[in-house]
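To keep things clear, I will list the structure first and then write my remarks on it.
The values are calculated or read from the model by the stated rules, or taken from the named source; none is laboratory data. Quick caveat: nothing in here was measured; it's all calculated off a predicted structure. Cβ placement follows ideal geometry from the backbone for every residue including glycine, while neighbour counts extend to all protein chains displayed. Each accessible area value is taken on the protein alone, full model and side chains, heavy atoms only, with ligands, DNA and RNA left out. Shrake-Rupley method; radii C 1.70, N 1.55, O 1.52, S 1.80 Å.
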Amino acid sequence: SSGINAEWPLRPGDPFTIKPLDKEAVLKHAKECGGRVITVEDHYAEGGIGEAVAGVLSNADFITKHKILAVREIPRSGPSAVLLDMFGISANKVVDAVLDMVE
């Protein structure tokens with residue numbers, strides 16, 4: 001019901017840490033997913049995993065498309081589900097990003 005096709009080459013990855021980032025794995029999985037990458041982080045984008053992945057993808061020998069989902073405004077208190085959606089990093093927002101990426 002999400003609109004995501006089970007045949008699309010999708011895979012989650014959890015690098016756990018920015019350093020050391022497994023550059024070879026990032027490039028391998030990006031290539032196997034048609035060069036499309038979405039990174040999601042629950043803090044500011046600056047200095048995060050999205051920027052680290054962008055740096056790796058900038059050296060790829062294939063065309064890539066990368067979207068960084070991250071907190072882009074001053075955080076505040078509230079119910080986690082509401083905040084995740086507000087900051088664009090909820091499961092629904094990830095699905096939206098995937099659908100946008102494959103259009």
- Query: Based on what the data block shows, is Ser58 open to solvent by 100 Å² or more (accessible area, probe 1.4 Å), among the hydroxyl-bearing types (Ser, Thr, Tyr) and on the phi < 0 side of the Ramachandran plot?
  - Reply: no
- Long-range neighbours under 6 Å by Cβ, at least six apart or interchain, first residue outside any helix (DSSP H, G or I) within segment 76-103, second among the hydrophobic types (A, V, I, L, M, F, W, C): Phe87/Val71; Gly88/Leu69; Ile89/Val40; Ile89/Leu69; Ser90/Leu84
- Query: Going by the conditions given, is Thr64 among the polar types (S, T, N, Q), under 21 Å from Glu7 (Cα atoms) and open to solvent by less than 20 Å² (accessible area, probe 1.4 Å)?
  - Reply: no
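Kindly indicate the residue of segment 31-55 that is of a type in the set (A, V, I, L, M) and either in contact with a His (Cβ under 8 Å, 6 or more places away or on another chain) or without any contact (Cβ under 8 Å) to a residue 24 or more places away in the chain (or both) and also surrounded by the fewest Cβ atoms within 10 Å (Cβ to Cβ) among those meeting that condition.
Ala54
So in segment 34-63, with the set limited to residues that are in a loop (DSSP other than H, G, I, E, B) and within 13 Å of the chain's Cα centre (by Cα), which one is farthest from Leu99 (Cα to Cα)?
So the residue we want is Gly48.
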- Taking segment 67-79, which residues are surrounded by fewer than 18 Cβ atoms within 10 Å (Cβ to Cβ) and under 9 Å from the mean Cα position of the chain (by Cα)? Lys67
- Query: Do you know which residues across segment 14-30 are at pLDDT below 85 and either open to solvent by less than 100 Å² (accessible area, probe 1.4 Å) or not charged (D, E, K, R) (or both)?
  - Reply: Pro15, Phe16, Thr17, Ile18
